[in-house]
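> Before anything else, here's the structure in question.
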Amino acid sequence: MLKIYHNNRCSKSRQTLEIINQSGQEVEVVEYLKTPPTAEELRDILNKLHIRPEQLLRKGEAIYKEKYKGQELSDEEWIEAMVENPVLIERPIVVKDNKAVLGRPPENVQELL
């Protein structure tokens, strides 16, 4: 089963979910702005993506520019920032077993189908 960390207001997220739905795969949709991942879940996602926390940030968000731009934070501090402000998490993220991809572009999800 796939799990997508989804924001319905995001066109890339909607497109990624559509590709999954067309594939016929079962999918669990997590609206991560309503139900943010825990720090542990984020660590797990980052391990599956093979990236560091700072690479998962949406640096165009107002909260990033106001609160975090130019700061040197540790990986754990970035994770905490994303837990507290889930809008900072890049989307969509699709997870299957021990792999994950960012749906940017949405076609990346094909790797998991």
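The values are calculated or read from the model by the stated rules, or taken from the named source; none is laboratory data. Every value quoted in this text rests on a predicted model; they were computed, and no experiment measured them. Don't worry about glycine lacking a Cβ; one is built from the backbone with ideal geometry, like all the others, and counts go over all protein chains shown.
> What pairs come out if I take residues in the stretch 11-22 that are among the polar types (S, T, N, Q) and pair them with residues that are surrounded by 12 or more Cβ atoms within 10 Å (Cβ to Cβ) and part of a helix (DSSP H, G or I) whose C-beta lies under 6 Å away, six or more apart or interchain?
Gln15/Pro106; Thr16/Pro106; Thr16/Val109
> Additional query: Within the stretch 85-113, track down each residue that is without any contact (Cβ under 8 Å) to a residue 60 or more places away in the chain and either under 14 Å from Glu41 (Cβ atoms) or in contact with a Cys (Cβ under 6 Å, 6 or more places away or on another chain) (or both).
Pro86, Ala100
> Residues that are more than 19 Å from Asn8 (Cβ to Cβ): which strands (runs of 3 or more DSSP E) entirely in the stretch 23-109 hold 1 or more of them?
Answer list for the stretch 23-109: 93-96, 99-102.
> Shifting gears a bit: Which of the following residues is among the aromatic types (Phe, Trp, Tyr) and either under 20 Å from Met1 (Cα atoms) or within 13 Å of the chain's Cα centre (by Cα) (or both): Tyr64, Tyr32?
Tyr32
> Suppose the filter is in contact (Cβ under 8 Å) with a residue 60 or more places away in the chain and either farther than 19 Å from Asn7 by Cα or surrounded by 14 or more Cβ atoms within 10 Å (Cβ to Cβ) (or both); does Gln25 pass it?
It is true that Gln25 is in contact (Cβ under 8 Å) with a residue 60 or more places away in the chain and either farther than 19 Å from Asn7 by Cα or surrounded by 14 or more Cβ atoms within 10 Å (Cβ to Cβ) (or both).
> Additional query: For the stretch 88-107, which residues satisfy the criterion of being more than 19 Å from Glu61 (Cα to Cα), out of contact with any strand residue (DSSP E or B) (no Cβ under 6 Å at 6 or more places or on another chain) and of a type in the set (Lys, Arg)?
Correct list: Lys99 only.
> Which of the residues spanning the stretch 5-55 are acidic (Asp, Glu) and either closer than 15 Å to Val95 by Cα or modelled with pLDDT under 95 (or both)?
Listed by number, the residues that qualify are Glu26, Glu28, Glu31, Glu40, Glu41, Asp44.
> Can you confirm whether Arg9 is out of contact with any helix residue (DSSP H, G or I) (no Cβ under 9 Å at 6 or more places or on another chain) and charged (D, E, K, R)?
So Arg9 passes the test.
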